[in-house]
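Novice: The structure under discussion is supplied below as structure tokens; questions concerning it will follow.
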Amino acid sequence: MGWRWPMRPFGTPTILEQRRLQAISLLDKGFQPVDVARRVGVDRRSVRRWRAEYERNGESGLKAKLAPGRPPKLNTKQRKRLTRFLIQSPRTVGFATDLWTCPRVAKVIRDEFHIDYHVDHIGRILHSLGFSPQKPERRAIERDENAIQRWVRHTWPGIKKKPEN
């Protein structure tokens, strides 16, 4: 069996930090690293590494660190500029209606910043900026709201089923 990429331990950063602090507490009580490792469910080398970090930096060396993840494609300046676009009407950038949909936002990002995002990821970007995507209502252009209301008030009551007594 060859070298394997080390797995990230399970648990939230806070739980992992508590585990490290518990290990140091057990070491301070005189437990051996092997016994501490068994009790907290880690490899003994982790316990030794935590002890060395604790001796160098104290409790701050054992603090929870968030996994950084992939850096965002849009930087802070670009996100602010995108927000200014979103505050305006989509008509100002050439769209036919006043509706910001995910495909439209993706097009603006591509055209203005030369960055491609899949449409499915745009909702997350919008939420992080305090917006939400909008879905267009599907309505016929010929739709006559007044005629619909007249039908609902006058025709519908005469044809709908009435409960039998």
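Novice: Compute the long axis of helix 76-87 from its Cα atoms, compare it with the longest principal axis of the Cα atoms of the chain, and write down the angle in degrees, 0 to 90, nearest 10.
Specialist: It is inclined by approximately 20 degrees.
Novice: Just need the relative contact order of region 32-137 here, percent rounded to a whole number, with Cα pairs under 8 Å and 6+ apart.
Specialist: 16
Novice: Heavy atoms of the protein only, probe of 1.4 Å, neighbouring chains included. What is the accessible area of R44 in Å², nearest 10?
Specialist: For R44, the solvent-accessible surface is approximately 110 Å².
Novice: Give me the Å³ per residue figure for the convex hull around the C-alpha atoms of region 32-103.
Specialist: 172
Novice: Using only helices, what value at 222 nm comes out for the chain when you add -39,500 (n - 2.57) per DSSP H run of length 4 or more and divide by the total residues, to the nearest 500 deg cm²/dmol?
Specialist: Mean residue ellipticity at 222 nm (helix-derived): -14500 deg cm²/dmol.
Novice: Next question, about the same structure. Looking at region 73-165, how many pairs of lysines come closer than 20 Å at the Cα, when each pair is eight or more places apart or spans two chains?
Specialist: 4
Novice: Reachable aspartates and glutamates from K65, Cα under 13 Å, same-chain residues fewer than 8 places away excluded?
Specialist: Filter leaves E17.
Novice: Sticking with this one: Compute the signed sum of charges (Lys and Arg +1, Asp and Glu -1) over the other residues within less than 12 Å, Cβ to Cβ, of R39. If you can, show how the numbers build up before the last one.
Specialist: Numbers: positive: R19, K29, R38, R44; negative: D35.
Cβ neighbours under 12 Å give a net charge of +3.
Novice: If you don't mind, another one. Quick one: plug the Kirkwood hydrodynamic radius of the chain (C-alpha pairs) into Stokes-Einstein at 4 °C, 1.567 mPa s, and report D in µm²/s.
Specialist: Diffusion coefficient, whole number: 58 µm²/s.
Novice: Right, next: Ignoring ligands, DNA and RNA, how do Y54, Y117 rank by accessible area with a 1.4 Å probe, largest first? Please list the in-between numbers first.
Specialist: On the way: Y54 75, Y117 45 Å².
Sorted descending by solvent-accessible area, the residues read Y54, Y117.
The values are calculated or read from the model by the stated rules, or taken from the named source; none is laboratory data. The model shown is predicted, which means the values in this text are computed figures rather than measured ones. Positions of Cβ are backbone-derived with ideal geometry, glycine not excepted, and every protein chain shown enters the neighbour counts. Keep in mind that these areas ignore ligands, DNA and RNA; they rest on the heavy atoms of the full protein, side chains included. Shrake-Rupley method; radii C 1.70, N 1.55, O 1.52, S 1.80 Å.
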